[in-house]
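The values are calculated or read from the model by the stated rules, or taken from the named source; none is laboratory data. Because the structure is predicted, anything quoted here is derived from the model rather than measured. We place every Cβ from the backbone using ideal geometry, glycine too, and count neighbours over all the protein chains shown.
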């Protein structure tokens, strides 16, 4: 996932899902794990959509996984 983000640039979770060919849940878990370790950062681009990018040294915005999950799966 990190290699893909470095090559293609920032992506939404849905974009990562399409580019990787793996399920939304697995992409979400990977992004969650990588964001918690500071390897990726998340930026809100719409009320229920986030851009995932390679983390930057010196601070970045992390959003809680619960907040993202609730936003993505509202019916």
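For the stretch 49-68, give me each residue that is touching a helix residue (DSSP H, G or I) at 6+ places or on another chain (Cβ under 7 Å) and modelled with pLDDT under 85. Working first, answer last.
First pass over the stretch 49-68, keeping only residues touching a helix residue (DSSP H, G or I) at 6+ places or on another chain (Cβ under 7 Å): 50, 52-54, 62, 65.
Those that are touching a helix residue (DSSP H, G or I) at 6+ places or on another chain (Cβ under 7 Å) and modelled with pLDDT under 85: 62, 65.
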I need every pair where a residue in the stretch 5-30 that is at positive phi has its Cβ under 8 Å from the Cβ of a residue that is not in a helix (DSSP H, G or I), sequence separation at least 6 or different chains. 9/53
